[in-house]
Amino acid sequence: MKLLAARSGLARYGRNNIAYVEGMGSFLRLLAFYSDLPCANDYWQQPQALDECANCRACTNMCPSGAIDPDQFQLRADRCLTFHNESPQAFPSWIQESWHHCLIGCMKCQDSCPLNKDLQSWKERFAEFTEAETTALLSGVKSSELPASVITKFSDTDLLEDPVGLARNLKSVLA
């Protein structure tokens, strides 16, 4: 969906391979819809990079895994913590325990980006969990076996689609 947003002119790419939308920065979630309604105007274009990234290295300097190479624009996905954080595989041995700070993904490059500076207040507290709820999450049981209170707290997210991965990532963050 990032490519669709970039090709349509809605978004541009940052050095960190994240989609940035003017006025929203990168703190967004892209969703796609389609229609057979004829389109009077065609804005299809080549994806564009942000001019602001040309001489900026904020995200490169903050990336714990070295996934953002200062000598190339394309992100090294195999080094990206988000890639491994969202994978069902065990974490590679080269990923340091201290790098884990999110249940899903990694926000280091986005948090450090000057284009997101004025948007940091968009972050909201997600939910608070009791010790019993946390223990249930850490168990990695099927979503349907979690307490109703946990399911309710996650109702506006898709994080319970992979309860085993969520448990693994939560253990890493807590470590």
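Is it fair to say S26 is of a type in the set (G, A, S) and loosely packed, with under 14 Cβ neighbours inside 10 Å?
Numbers: of a type in the set (G, A, S): yes; loosely packed, with under 14 Cβ neighbours inside 10 Å: no.
Against the criterion (of a type in the set (G, A, S) and loosely packed, with under 14 Cβ neighbours inside 10 Å), S26 does not qualify.
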Among helices (runs of 4 or more DSSP H) entirely inside region 13-113, those with 2 or more residues being hydrophobic (A, V, I, L, M, F, W, C) and farther than 30 Å from T134 by Cα are 58-62
Among the residues of region 65-102, the number that are closer than 25 Å to L160 by Cβ and touching a Gly at 6+ places or on another chain (Cβ under 9 Å) is 6
Per the filter on region 147-165, residues among the aliphatic types (A, V, I, L, M) and within 13 Å of A127 (Cβ to Cβ) are V150, I151, L159, L160
Of the residues in region 104-117 that are surrounded by fewer than 18 Cβ atoms within 10 Å (Cβ to Cβ) and touching a residue at least 60 places away in the same chain (Cβ under 8 Å), the one that is farthest from S172 (Cα to Cα) is P114
T157 meets each of (1) free of Cβ contacts under 8 Å to residues at least 60 places away in the same chain; (2) surrounded by 17 or more Cβ atoms within 10 Å (Cβ to Cβ) with one exception, condition (2)
Within region 119-172, the residues that are touching an Asp or Glu at 6+ places or on another chain (Cβ under 9 Å) and acidic (D, E) are D162
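Each reported figure results from applying straightforward, stated rules to the coordinates on display, with no laboratory input. Since this is a predicted model, take the numbers as computed values, not measurements. Cβ: placed from backbone, ideal geometry, glycine included. Neighbour counts: every protein chain shown.
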